[in-house]
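The values are calculated or read from the model by the stated rules, or taken from the named source; none is laboratory data. Note that the coordinates shown come from a computational prediction; the quantities given were computed from them, not determined experimentally. Here the Cβ positions follow ideal geometry from the backbone for every residue, glycine too, while neighbour counts run over all protein chains shown.
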Amino acid sequence: MMETMEYPDVLNTAMGNIESASNPYGFGAHERADWAADLDVKVGEPAEYIYFVGCAASFDERNQKVARSTIALLKEAGLDVGILGMQEGCSGDPARRAGNEYLFQMLAETNMMTFQELGVKRIIASCPHCFHTLGKEYGDYGGDRLEVFHHTEILAKLQDEGKLPMVEGNGRSVTFHDPCYLGRIGGVIDEPRKVIGGVDVETERHGQDSFCCGAGGAQMWMEEDADKRVNVIRAKELSETGCDTVAVGCPFCSVMVNDGLDAVGAEMEVMDVAELLWEQIVARDKEIQDVYDKPLKSLPGSESQK
């Protein structure tokens, strides 16, 4: 390691990968934009908005679909949007939560150099961890000059402007799981619900009082006691709504909730808000079905999720 740090041994692999490859999974930087190889999107070029994809949506097969749907929606609305490609690095959230402050500082400084070189002023993130870290924790590195939005905030704004349709009559019964860094910490509660046309049944704990999926604080890369798994507790709460779909706004929540639902035997589909909105557009125009629903890479040992 660059410097002796105190964090659980089970995080050594993830931290080592972030240190060497700037993502917890260990993929090379040249693979970071593979998910967008067939899309007409700016890569490493100046744009009015930069979509900060995040590590999960860059490399995880299931979450690549979210990235593709998000880009599809932003382009459908006519936004000048680009991605950083191999110039994007981990935001540093896992490193800071695990106590590796030195690694976090290096990642923040490197990302800020990239932002400055490309003249980045507005960033859209679909990962609430990136949304929080870039928007709230990059201030000491010049990030106070950035405008950082969660993708649900931008999508809701575009709906208000008539550039994207409202979701209505999609035949689903939907509940929403509030990601911690989006709702309780970020205060973004109404926008995700607006994007998906409202929630049919709320969980008992929702909004500011919502319950964690279990991935925060770098727990995504740690093992929990099988009898105390937070995602299983949350999955039970979600299944008790009787809905057939769980809407999420975070790649880690997507993975953890899906695994929790499998553990409790609940037949519910987990979808990001961007996917639900894109589904509405595709349903209206069959000719655009569906160049964006095409994941290109799977994490080692991962299985397709619902």
Unique residue being surrounded by 16 or more Cβ atoms within 10 Å (Cβ to Cβ), closer than 26 Å to residue 109 by Cβ and not hydroxyl-bearing (Ser, Thr, Tyr) when the list is 206, 151: 151
Anything in region 62-93 that is of a type in the set (Asp, Glu) and farther than 18 Å from residue 17 by Cβ? List them, or say none. 76, 80
The lone condition residue 173 fails out of (1) within 30 Å of residue 239 (Cβ to Cβ); (2) assigned by TED's automatic domain parsing to the domain that holds residue 109; (3) not aromatic (Phe, Trp, Tyr) is (2)
Could you check, for region 159-168, whether at least one of its residues is touching a helix residue (DSSP H, G or I) at 6+ places or on another chain (Cβ under 8 Å), of a type in the set (D, E, K, R) and under 28 Å from residue 94 (Cα atoms)? no
Where a residue in region 67-83 is more than 12 Å from residue 125 (Cα to Cα) and its partner, wherever it lies, is among the polar types (S, T, N, Q) and assigned to a loop (DSSP other than H, G, I, E, B), with Cβ under 8 Å and at least six apart: none
Flag if residue 141 is of a type in the set (Ser, Thr, Tyr), surrounded by fewer than 24 Cβ atoms within 10 Å (Cβ to Cβ), assigned by TED's automatic domain parsing to the domain that holds residue 54 and in contact (Cβ under 8 Å) with a residue 40 or more places away in the chain: no
Run residue 193 past the list (1) at pLDDT 95 or above; (2) basic (Lys, Arg); (3) surrounded by fewer than 20 Cβ atoms within 10 Å (Cβ to Cβ) and report the number of the one that doesn't hold. (3)
Selected residue [more than 19 Å from the chain's Cα centre (by Cα), among the acidic types (Asp, Glu) and under 24 Å from residue 278 (Cβ atoms)] from 76, 117, 101, 109: 76
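If we keep just the residues of region 170-189 that are touching a helix residue (DSSP H, G or I) at 6+ places or on another chain (Cβ under 9 Å) and without any contact (Cβ under 8 Å) to a residue 24 or more places away in the chain, which is nearest to residue 130 (Cα to Cα)? Even if it seems obvious, please write down each step before you answer.
Within region 170-189, the subset touching a helix residue (DSSP H, G or I) at 6+ places or on another chain (Cβ under 9 Å) is 170, 172, 174-189.
Cutting the leftovers down to without any contact (Cβ under 8 Å) to a residue 24 or more places away in the chain gives us 187, 189.
On the way: 187: 15, 189: 17 Å.
Checked region 170-189; the qualifying residue nearest to residue 130 (Cα to Cα) is 187.
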Can you pull out the residues in region 66-101 that are basic (Lys, Arg), surrounded by fewer than 24 Cβ atoms within 10 Å (Cβ to Cβ) and under 29 Å from residue 269 (Cα atoms)? 75
Any residue in region 18-35 that is in the same structural domain as residue 67 (by TED's automatic domain parsing) and over 15 Å from residue 103 (Cα atoms) sitting within a Cβ distance under 7 Å of a residue that is among the hydroxyl-bearing types (Ser, Thr, Tyr) and surrounded by 15 or more Cβ atoms within 10 Å (Cβ to Cβ)? List the pairs, counting only those 6 or more apart or interchain. 29/22; 32/58; 35/58
Of the numbered conditions (1) within 25 Å of residue 93 (Cα to Cα); (2) over 15 Å from the mean Cα position of the chain (by Cα), residue 58 satisfies every one except a single condition; which is it? (2)
With respect to residue 119, is the statement that it is in contact (Cβ under 8 Å) with a residue 24 or more places away in the chain, of a type outside the set (Phe, Trp, Tyr), loosely packed, with under 15 Cβ neighbours inside 10 Å and in contact with a Pro (Cβ under 6 Å, 6 or more places away or on another chain) true? yes
Does residue 107 count as in a loop (DSSP other than H, G, I, E, B) and either under 29 Å from residue 165 (Cα atoms) or of a type outside the set (S, T, N, Q) (or both)? no
